[in-house]
Amino acid sequence: MKRLLLLVLISICWADHSDNYTLDHDRVIHIQGVVFPYFPRLGRYNLNFHEAQQACLDQDAVIASFDQLYDAWRGGLDWCNAGWLSDGSVQYPITKPREPCGGQNTVPGVRNYGFWDKDKSRYDVFCFTSNFNGRFYYLIHPTKLTYEEAVQACLNDGAQIAKVGQIFAAWKLLGYDRCDAGWLADGSVRYPISRPRRRCSPTEAAVRFVGFPDKKHKLYGVYCFRAYN
């Protein structure tokens, strides 16, 4: 049985911030995990705060805190769509300033939209997962599959179709690398690349997002997850 132990490091973060956010100069607990942006099949900016919380839970994750997003930004996370955080604020991390993302002549940082109505305002969400107690894998299958066939194929293999949080955890925490697009539980198709190469995310390590294809007619592989008992 494999177990992934969480490494908890306590440190003091001191920083000067010229961007439009502040970080409390107190102790920040860093937990080994991964922050990932998420939006549902409906498209971008479709989640109120409560729906955002549930969306992360549905993907085996929790809504991220500011400290977790800040650490992810320091680690290179760059995402030009605003998302909810656990304190009810809406923010997004920029490492490469450019015109559509706060302006080309601004400094890198976590852009802060402020606090919005949790019931009426709609954005994406940043999720955080450090939970990985199972086996994540690409199912070797003789044919490509529709979504329903993919779900059943994982069940037939004694597993379940994997969730978005699980593919990010496998990629970030275990270095999982597979250049094959596969269905996930939310109906999205993605693939994880930890070793960039030609035709497989050549510019950066990333979980590549193909989209939300037609579940009945589009054919892909599938990523499965088998939890440890």
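Assorted remarks:
- Taking the criterion of being basic (Lys, Arg) and crowded, with 19+ Cβ neighbours inside 10 Å, the only residue of region 109-148 that qualifies is ARG111.
- Scan of region 52-72 for residues that are under 20 Å from GLN32 (Cβ atoms) and more than 13 Å from the chain's Cα centre (by Cα), ordered by number: SER65, PHE66, ASP67, TYR70, ASP71
- Region 184-218 - residue that is modelled with pLDDT of 95 or more and polar (S, T, N, Q) and, of those, nearest to GLU148 (Cα to Cα): SER188
- Total residues in region 66-104, condition under 16 Å from TYR123 (Cβ atoms) and of a type in the set (S, T, N, Q): 4
- The single condition among (1) assigned to a loop (DSSP other than H, G, I, E, B); (2) within 21 Å of GLN68 (Cβ to Cβ) that GLY158 does not satisfy is (2).
- Residue check for GLY102: crowded, with 16+ Cβ neighbours inside 10 Å, free of Cβ contacts under 8 Å to residues at least 24 places away in the same chain and either touching a strand residue (DSSP E or B) at 6+ places or on another chain (Cβ under 8 Å) or of a type in the set (Lys, Arg) (or both): yes
- Among the residues of region 119-143, those identified as more than 19 Å from ILE167 (Cα to Cα), in contact (Cβ under 8 Å) with a residue 60 or more places away in the chain, of a type outside the set (S, T, N, Q) and assigned to a loop (DSSP other than H, G, I, E, B) are ASP119, LYS120, ARG122.
The values are calculated or read from the model by the stated rules, or taken from the named source; none is laboratory data. If you're wondering where the values come from, they're calculated on a predicted model, not measured in any experiment. Cβ sites come from the backbone with ideal geometry, for glycine too, and all protein chains shown count toward neighbours.
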